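A short worksheet on the structure shown next.
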Amino acid sequence: MKKTIVLVVLFVLPIVAYLFFASGVNNFGKLPVLTEGISDLTAYKEGVSLKDKITVLGFLGYDLDGKKGNSFNLNEKIYKRFYEFKDFQLVMVLPEGEEQRVPEIRKELGKYSDMSKWKFVFMDERSIASFFSSLGTNIDLDENLSTPYVFIVDKEIRLRGRLDDEDEGTKYGYDTSSVAELNNKMVDDTKIILAEYRMALKKNSADR
């Protein structure tokens, strides 16, 4: 009887543990898809595309000054942590006519980080409203066509988020005015989607 117990401990339990953790790896890293069929930015404006990129997407609108603190939080907590990943980008949408104000924020944020993957896209007001609507969220743009929330968009131009968030239920966006939310939720979710694509890349390489 003792020999049987020893054999179980030495051989069976490690196998069970391996299968358990291997299953966990396969199931880990799936950030839910909330909206499919989002419009690409190139449908409205030539230049920056969301296709084949993992994008943090925001809307500064006419409220660039009012959102400086939000941009700083996003830069410090999210962008600086992930910008070195090859396919990562951060895209901010603004109305046409705000172009002259962007160098100021680039200069301020550039004191603390490499701004090469901060992208700014300028569109007319109707296009901004139409593009934002395609995200299919429960969040609205304010009168300045801005929002403190940013969104995670995957390489297939699908909105990612949470279906079972403890505070909101379905979580479409992340509030950049809250450092706690960026630290406790968005960092984790960005890690998950990056890990998902890394695992998919490794699997595709192994299958060849």
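Every number here is computed from the coordinates shown, using simple stated rules; none is lab data. Being a predicted model, the structure only gives us computed values, none of them experimental.
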>> From the phi angles alone, apply the Karplus equation (6.51, -1.76, 1.60; θ = phi - 60°) to segment 61-74 and give each ³J(HN,Hα) in whole Hz, x where the residue is Gly or Pro.
In response: x, 8, 9, 4, 5, x, 9, 4, x, 4, 5, 5, 4, 5
> Amide H neighbours of Tyr149 under 5 Å, counting only residues 5+ apart in sequence or on other chains, H built in-plane at 1.01 Å?
Replying inline: Thr176
>> Please list, ordered by chain and number, the residues whose modelled amide H lies under 5 Å from the amide H of Thr35; skip anything fewer than 5 residues away on the same chain.
In response: Leu159
> Taking amide hydrogens as modeled 1.01 Å from N in the peptide plane, which residues meet the under 5 Å criterion relative to Lys119, leaving out close sequence neighbours?
Replying inline: Leu90, Val91, Met92
>> Can you report the principal axis dimensions of segment 125-208 using only the alpha carbons, biggest first, rounded to whole angstrom?
In response: 51, 31, 19
>> From the phi angles alone, apply the Karplus equation (6.51, -1.76, 1.60; θ = phi - 60°) to segment 53-58 and give each ³J(HN,Hα) in whole Hz, x where the residue is Gly or Pro.
In response: 10, 9, 10, 9, 10, x
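Over 26 Å between Cα atoms: which of Lys67/Lys111; Lys107/Lys171; Lys51/Lys111; Lys111/Lys171; Lys111/Lys155; Lys77/Lys171 fall into that group? List each step's numbers first, then the result.
Numbers: Lys67/Lys111 17 Å; Lys107/Lys171 32 Å; Lys51/Lys111 29 Å; Lys111/Lys171 32 Å; Lys111/Lys155 29 Å; Lys77/Lys171 19 Å.
Violating the 26 Å Cα-Cα cut-off are Lys107/Lys171; Lys51/Lys111; Lys111/Lys171; Lys111/Lys155.
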